Amino acid sequence: MCASIGAGLGAADLAAWEEILPLIKTKGLEAALQAKAPTPALESAISTVTGAMIAERERLVLASVFNGERQLRLTRLLGHMLKPSSGLPIVTTNYDRLVEFAVEEAGLGADTMFVGRFAGSLNERESKLSFCRNVTYKKPKFTYHYRPRALVCKPHGSLDWYLRGGKPVCCASDLPGARRLIITPGQNKFRNGYESPFDHHRAKANEAIDRASRFLFLGYGFNDDHLETHLTPSIKGGTPTLMLSRTLTPNAAALAQANANVTALEHHVEAGVPGARLTINRAQQFVPGLALWDVNSLIDEVLEP
């Protein structure tokens with residue numbers, strides 16, 4: 001990224017980049033952009049390069065799944081999850097489309113609230129109706145029967161969202177030169193989250209959080225201002241919660257240690273023996289030899305023993 005940004009930027013943008021660049025090298029991208037807000041043109045350049053880098057990695061993963069060389073963990077996990085008729089809500093802060101791919105590999109529909117593959121428009125109602133397979137009538141009402149599906153909420157954007165004529169468009173193809181709609185981390189992240197289509201996906205995500213009877217978190221850090229105002233109060237209010245993460249962030253660990261309704265699993269090594277650290281009922285235990293924080297291991301040991 002550092003080598004790819006610079007061409008085409010104005011003097012003020014380059015001056016801002018010169019201040020941010022050393023911060024990226026020492027603190028990482030997110031912390032650097034938190035410390036110093038980029039100019040709009042620089043933010044757009046960072047977004048473009050970030051999108052291209054993730055798209056390349058995504059392409060390699062999708063190819064390996066498509067060729068039968070691997071199976072996404074989420075695909076396997078979905079086989080063990082309840083699928084409500086209203087759609088299984090999945091909220092992801094990632095830009096890639098691995099969730100959508102995992103959902104379809106599991107035989108479910110991926111409802112992204114966009115309609116169309118190459119010039120798709122944001123239309124929640126039409127997207128939902130596209131999964132309707134039958135309508136029956138029994139006095140006094142009609143009943144719509146939907147294909148099992150996941151409602152995928154992406155409050156930070158997606159690699160297939162582009163800005164075209166001032167409106168968000170979904171296009172499955174990679175479009176060189178087009179502006180992707182993704183929110184990069186940093187001081188401008190909160191403000192950008194209130195623009196379309198991010199606002200709609202954020203609102204749907206928070207609606208799903210407010211209705212949830214239980215939570216499952218996979219690698220989530222609890223550092224997102226757009227979601228925390230709904231998530232944290234619900235967890236503190238007693239909603240049963242399971243966290244799986246290679247390493248819990250300080251925010252996630254604090255929630256697990258403070259709330260008895262939270263069960264958390266993360267990687268841990270004790271006396272040279274790798275295993276899982278389990279936080280349950282606000283107490284910690286060590287489970288040697290089992291990587292239960294990993295979805296595949298959890299399925300092997302708990303769901304498909």
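Structure values in brief
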{"read-out": "Nearest-20 debye value, the stretch 76-198 charge dipole, Cβ charges on Lys, Arg, Asp, Glu", "value": "500 debye"}
{"read-out": "Residues residue 229 and residue 270, FRET efficiency given R0 of 35 Å [Cβ-Cβ distance, rounded to 0.05]", "value": "0.45"}
{"read-out": "Magnitude of the charge dipole, the chain, Cβ model with Lys/Arg +1 and Asp/Glu -1, debye to 20", "value": "1100 debye"}
{"read-out": "Given charges at Cβ of Lys, Arg, Asp, Glu: the stretch 1-54 dipole, positive-most of 50, 28, 9", "value": "28"}
{"read-out": "For the stretch 1-133, accessible area per residue (1.4 Å probe, heavy atoms of protein chains only), Å²", "value": "54 Å²"}
{"read-out": "Portion, in percent, of the accessible area of the stretch 209-294 that falls on carbon or sulfur, probe 1.4 Å", "value": "54 percent"}
{"read-out": "Pair residue 2, residue 280: separation of 7 Å Cα→Cβ label points (nm)", "value": "4.5 nm"}
{"read-out": "Greater than 22 Å apart at Cα, pairs in 83/204; 25/154; 36/204", "value": "25/154; 36/204"}
{"read-out": "Label-to-label distance, nm, for residues given as residue 142 and residue 117 (7 Å Cα→Cβ offset)", "value": "2.8 nm"}
{"read-out": "Accessible surface of the stretch 42-107, 1.4 Å probe, proportion on carbon and sulfur as whole %", "value": "54 percent"}
{"read-out": "Percent RCO, i.e. relative contact order, over the chain, from Cα pairs under 8 Å lying at least 6 residues apart", "value": "13 percent"}
{"read-out": "12 Å beta-carbon shell around residue 259, net charge (K/R +1, D/E -1)", "value": "+2"}
{"read-out": "Additional length obtainable on full extension of the chain from residue 56 to residue 178, 0.36 nm per residue less Cα span", "value": "42.3 nm"}
{"read-out": "Farthest toward positive dipole pole in the chain [+1 Lys/Arg, -1 Asp/Glu at C-beta], among 118, 283, 269", "value": "118"}
{"read-out": "Residue of 180, 57, 277 that the Gaussian network model of the chain assigns the largest fluctuation, springs spanning Cα pairs under 10 Å", "value": "57"}
{"read-out": "Extension reserve of the residue 124-residue 258 stretch, reckoned as 0.36 nm per residue once the Cα distance is removed", "value": "44.5 nm"}
{"read-out": "Reachable aspartates and glutamates from residue 167, criterion Cα separation under 12 angstrom, eight or more residues apart if same chain", "value": "195"}
{"read-out": "FRET E, pair residue 25, residue 80, Förster distance 51 Å, beta-carbon r, rounded to 0.05", "value": "0.75"}
{"read-out": "Residues in the stretch 104-128 reached by a label modelled at residue 66 [backbone nitrogen below 14 Å; 7 Å Cα→Cβ]", "value": "105"}
{"read-out": "Accessible area (Å², per residue) of the stretch 227-281, counting only protein heavy atoms and a probe of 1.4 Å", "value": "44 Å²"}
{"read-out": "Residue (of 152, 162, 87) at the positive-pole extreme of the chain, dipole from beta-carbon charges", "value": "87"}
{"read-out": "Vicinal HN-Hα couplings computed from phi for the stretch 221-231 (Karplus, 6.51 cos²θ - 1.76 cosθ + 1.60; Hz; Gly/Pro x)", "value": "x, 6, 10, 10, 5, 5, 10, 4, 5, 9, 5"}
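The values are calculated or read from the model by the stated rules, or taken from the named source; none is laboratory data. What you see is a predicted model; the values in this text were computed from it and never measured. In this analysis, Cβ positions are derived from the backbone assuming ideal geometry, glycine residues included, and neighbour counts consider all displayed protein chains. Side chains included, ligands, DNA and RNA excluded: accessible areas come from the protein's heavy atoms. Shrake-Rupley method; radii C 1.70, N 1.55, O 1.52, S 1.80 Å.
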